[in-house]
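Written below as structure tokens is the structure these notes are about.
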Amino acid sequence: MTVRELVTRTAGALGFGRRNRDLSAELEFHKDMLEAHHRAGGLDPAAARRAARIDLGGEAQISDAWRDQAGLPFLETLGQDLRYGFRMLRRAPGFTLAALLTLGLGIGANTAIFTMVDAVLLRPLPYRDPDRLVTVGDRAPDGYSSNVGFATVLDWRQRSRTFESFAMMRSWVPTLVTSGEAERVPAVRVSWNYFEMLGVRPSIGRPFTADDDRPDQWRVLLLSDALWRRRFGADPSIVGRTLTMNDREYRVIGVMPATFEPLSAERFFNLRAELWAPIGYDRNGDSSCYSCRHLRGFGRLRPTVTLADATVEMNTIREQMRQEFPDQFDNGSIAVMPLREALTGPVQMPLYVLLAAVGFVLLIACANVANLLLARAVTRQRELALRAALGAGRGRIVRQLLTESLMLSLGGAIAGVALAATAVHGLAALAPVTVPRLDQVAVDGRVLAFTAVLTVLTSLFFGIVPAWRGGAAGAQQTLAVDSRGSVGGTSRAQAILVVADLALALTLLTAAGLMLRTVAALTNTVPGFDAARILSLQFSLVGKAYAEDPAVVAFQDRVLERLRAIPGVEDAALAGQIPFGGDRDCRGFHTQGRMKANPSEDPCIERYGVTSSYLRLMNIPLRAGRSFTEADTATSQPVLLISESTARAVFGNDNPIGAQVRVGASDGGPWRTVVGVVGDVEHDDLTTPPAPAMYNPQTQITDSFLTAVLKSSTADAEKLAAPARAVLRELDPAVPVYAVATVSSLVAASSAPQRFVMRLLGGFAFVAVLLAALGLYGVIAYGVAQRTREVAVRVALGARNSDVLRLVLSSGLRLVGFGVVVGLAAALVAAPYLGALVYGVSPVDPLTFASAAALLTAVALVAHWLPMRRALRIDPAIALRAE
């Protein structure tokens, strides 16, 4: 077909070509011309008209040929198929509604989960050449890169040839005071080239420069668009304004774009950074050493460099630095990890598990609709045979049936998109706050394109077998069969689809059971302290008023006195950090007489600075020695408590009481005496062994960022929040209070990923089992209806109710048995993919598998109930008379 012909046909199909009346006028003109020609040749008028008609040919044939050439026939037949399909679906509203609801649920669930997967895992990071961005640092036990020291990154910049640039970042917790209102703002400090490395510039003002990133110049700020609008009314003159934070003045130099997406690593208590300032270090500063590993390292690879090349080079550089500075580096290795993987790695498996789960739900929905279509094809045999007898080829009939399947799938997709648009925000709210990029979860063009492809594939999946079987009906044979002779039961195709339904449902049910047992195990895990009836709230003491430790200690004493006076408070304590509080403070633990030759290899122990009542309030048991008392002050002997795991790791079977320890630097600070051993506590993950810990009196190592813990005399600890806030506001209105939560909720939040997966898998399993049960019910009920005459004959010949029940159950339970066997095999294959999500139970736990199989079998028996009742109510006389 030429381009000209294609254009002509398309114009004709769209109604822009020649009209029928134009063709009639043209034919009439040609006929008149031929008639005139024949009259001129001597024929009489009647003979001339006859000769003209013979020369011209049949007008009907010419019109048909013209229409074929002036349009796109397949569009016309498609229109016919659509109109006919719509009429057929409208004539069977029950079937149509059931199919649309089933498909809408399956497509909607897939669209909703894909929306989250796309936003979190598939969309490219919004930075320049994001595939060249990596995180760099010593390889941690989980394979990711750990923190680095400032001097280390400076050496990398000089020695590396595979990296285009290196940047650094650290957390920061300033208190912003505007209009007399104090607010602790989530913030970070970054190296001056950080935004340049990402390829992002401020929308207002200027970026950081190398001159800003110095100890005497670093107090300049970039604001987030959200903070600029919330606290400063989007004032464009904000650039150049001076702000007060922590009793220091900072100058605003710019505002970041609203579209800028901060790295997840910048989050503080799972909040996005809203302020940026330069790091402001130099090589000679106290925080600039190789072993001062509190910075996150990022890099941009050169265009032609591979990840493997960069890893080899960085490990070579690290070994060179270890040999040059043996007391600063151990025998570890460098991890160079793509930034995308570093940000999303921990959530990849849960999201892909959920995507596979909703895929199973859609497969079950497709199998159910295919079964409905197969059953409906029996009632349409005579209609299809008649069409075949009138000249419709097999391909034409198959195309008609596939068109109807596509119409059903399209209707289900419309319902599914509406369902997904409603559900995605709920999913984002339900997801753990550690999942990055949740604010970008939305149904957009990418998601609609996915849904469109899914719609077509779905229509083919559930429609191809019924369409092929429907098109294979023999016209002569079908029309010759009397309708009363319709007997038989479940077809092989229907049986296979039901078995697939049950197998997929059992796989999901088993996965949901494993996650349920995981959450139960996490709930029953003792974290090493009693979280019941405890409220926590965090506050910070910064600025000139609290620049000296005695001022901090005096304020905390007043806070404790006032908090304990609140009605309903059983006890109160303060700590620099608490378990599951979202903070870490790991410091070197150097024991006199046990230090390693390379002090950097001494253990890093989690430090808790606490007041004397903390251990009692949290119910952390004392295993040996003594606890802290009010006599442990800034002027008394520095003391420490250590946890059992610290005692085992450092002292083995020796008694640690009386040991002398330095905290932090190995060559500075006072020696502290270990006076007691306390029980282990989980710090932030119930699924891992407790981290080694040490405790110091808050009076001796004073923290300015504190957490108050209040034990309530009643079960409702949250009611203490308002009076506790009021106490701190009365003592100092400039002290910000934040992160108010019960400790039990903090512990529960640590298992949020498992709870999220459990809830969704449980919901998907419920839907899958329901759909499988409905599919089984439909097939059994259809089989009973098809075998009405057989049952009637058996009853007339003396069959008892038990015989009828056996007849109905035999075929159904055979399908259930096959489905359970196949489902258990599939579950055995799929369960290990739950990976680290499973805790406290084996991925192939026999009890979970057996319980899931028993539950599915029980549901299947319930699905037999109505068909069995219908079979028992068959009256032989009425049934045979109808035949």
In Å and whole numbers, how far do the C-alpha atoms of the stretch 503-650 stretch along each principal axis, longest first?
70, 53, 34
Counting only protein heavy atoms and using a 1.4 Å probe, what share of the accessible area of the stretch 801-860 belongs to carbon plus sulfur, as a whole percent?
76
When N counts the residues of the stretch 204-296, how does its alpha-carbon radius of gyration compare numerically with 2.2 N^0.38 Å, as a ratio?
1.16
If you take the alpha carbon radius of gyration of the stretch 112-179 and divide it by 2.2 N^0.38 Å, what ratio comes out, to two decimals?
1.57
In Å, what Kirkwood hydrodynamic radius results for the stretch 705-765 from the alpha-carbon pair distances?
14.2
Give me the percent of the accessible area of the stretch 215-305 that comes from carbon and sulfur atoms, probe 1.4 Å, all protein chains in place.
45
Count the net charge of all other residues whose Cβ sits under 13 Å from the Cβ of SER287, scoring Lys and Arg as +1 and Asp and Glu as -1.
+2
Accessible area (Å², per residue) of the stretch 99-170, counting only protein heavy atoms and a probe of 1.4 Å:
33
How long are the semi-axes of the equivalent ellipsoid of the stretch 497-580, taking √(5λ) for every eigenvalue λ of the Cα gyration tensor, in whole Å from largest down?
51, 16, 10
Could you go through the stretch 695-704 in sequence order and give the Karplus-derived ³J(HN,Hα) for each residue, using 6.51 cos²θ - 1.76 cosθ + 1.60 with θ = phi - 60°, rounded to whole Hz, and x for Gly and Pro?
10, 10, x, 4, 6, 9, 10, 8, 9, 8
How do the peptides 444-453, 609-618, 106-115 rank, highest first, by the average count of neighbouring beta carbon atoms within 10 Å per residue?
106-115, 609-618, 444-453
Kirkwood Rh, the stretch 599-651, all Cα pairs: how many Å?
12.9
I need the semi-axes of the equivalent ellipsoid of the stretch 210-354: take the C-alpha gyration tensor, multiply each eigenvalue by 5, square-root it, list largest first in whole angstrom.
33, 24, 14
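The values are calculated or read from the model by the stated rules, or taken from the named source; none is laboratory data. These numbers were taken from a predicted model, which means no experiment stands behind them. We place every Cβ from the backbone using ideal geometry, glycine too, and count neighbours over all the protein chains shown. All accessible areas refer to the heavy atoms of the entire protein, side chains included, with ligands and DNA or RNA removed. Shrake-Rupley method; radii C 1.70, N 1.55, O 1.52, S 1.80 Å.
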